[in-house]
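First comes the structure, then the notes that go with it.
The values are calculated or read from the model by the stated rules, or taken from the named source; none is laboratory data. Keep in mind the model is a prediction, meaning the values are calculated, not measured. Methodologically, a virtual Cβ is constructed for each residue, glycine included, from the backbone with ideal geometry; neighbour enumeration extends over all protein chains shown.
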Amino acid sequence: MDQIKIGKFIAYRRKKQGWSQKQLAEQIDVTDKTISKWETGSRMPDASMLLKLSQALEIDVNELLAGEEFSTEEYLKRSESNLVNLVGELNEMDKKRKSSRVGTIIGFLCIAVAFLSMVSSSLRRFTDIFDLPTLLYLSGIKCLLLSTFGWIHHYFNAWKICASRKALPEKDIQTAVQAVKYAAVLTLTIGGITSSIGIFSMLNYTEQWGAMIAPALAQITLTFVYVAVEETVYAILLFQMKHMLLKK
């Protein structure tokens, strides 16, 4: 379904009724911000709202899903197509919700393990060598942010696409490419912040310069190494997915 087209159609029908966004929102018990998101195409109406919205706009649900008015002759053709599309959209939304939960859990687990590894004496020697907390913080915060902004499902898809090598729709590959680009930017940003904290820690304890400089430099260096490795992996993922797009 074309969200932009549907959004424009909702706006057209609302204006035809002579309503403001707030007036339409009051008719169907939502906020005017929700109406604005629908009309700009940034969000689709929930399945539970379709009937109420179509009744308020004095159109058929199938016309709403098609984003246009059509004659009786077209009705049967369009209704079947829209039903199939709606089922597909609902399945995709369910997958995104599940991926978001998984991403959030992974993010919190990484941060929790990072914190525990810093306070646990049994893990301290291992973390001193590999700076495990920094790696886990980088991964955990990135997963949380991708989940928060709704990109974690497409990020997971990128790994599935490259691992399985299965032919997927062009749209799925393009969104996966975009998700990997966002992940790469987040990696650089979080890595930069982590390194800045390390530099600040080193400069903030000048009276203990000898004791602080080596651990701080080790953390900063390993942060750069982790970021470089992740960026290299993302570059390989992007290359593989763009190669798949060229084949289509």
Would you mind stating whether residue 244 is out of contact with any strand residue (DSSP E or B) (no Cβ under 9 Å at 6 or more places or on another chain), at pLDDT 75 or above, aliphatic (A, V, I, L, M) and farther than 20 Å from residue 146 by Cα? yes
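Name every residue in segment 144-178 that is part of a loop (DSSP other than H, G, I, E, B) and more than 12 Å from the chain's Cα centre (by Cα), in order of residue number.
Quick first cut of segment 144-178, residues part of a loop (DSSP other than H, G, I, E, B) only: 149-151, 165-169.
Scanning segment 144-178 gives 165, 166, 167, 168, 169.
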Taking helices (runs of 4 or more DSSP H) that fall entirely within segment 26-104, which contain at least 1 residues that are of a type in the set (S, T, N, Q), in contact with a helix residue (DSSP H, G or I) (Cβ under 9 Å, 6 or more places away or on another chain) and modelled with pLDDT of 80 or more? 32-40, 50-57
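Is it true that some residue in segment 114-121 is modelled with pLDDT under 65, buried (at least 16 other Cβ atoms within 10 Å of the Cβ), over 23 Å from the mean Cα position of the chain (by Cα) and under 19 Å from residue 226 (Cβ atoms)? Walk me through how you get there before you give the answer.
The first filter runs over segment 114-121 and keeps only residues modelled with pLDDT under 65, leaving 114, 117-121.
Applying the additional criterion that residues be buried (at least 16 other Cβ atoms within 10 Å of the Cβ) yields 114, 117.
Imposing the further condition that a residue be over 23 Å from the mean Cα position of the chain (by Cα) reduces the set to 114, 117.
Still in the list and also under 19 Å from residue 226 (Cβ atoms): 114, 117.
Checked segment 114-121: at least one residue is modelled with pLDDT under 65, buried (at least 16 other Cβ atoms within 10 Å of the Cβ), over 23 Å from the mean Cα position of the chain (by Cα) and under 19 Å from residue 226 (Cβ atoms).
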Filter result (closer than 16 Å to residue 67 by Cα, surrounded by 15 or more Cβ atoms within 10 Å (Cβ to Cβ) and without any contact (Cβ under 8 Å) to a residue 40 or more places away in the chain) within segment 13-35: 35
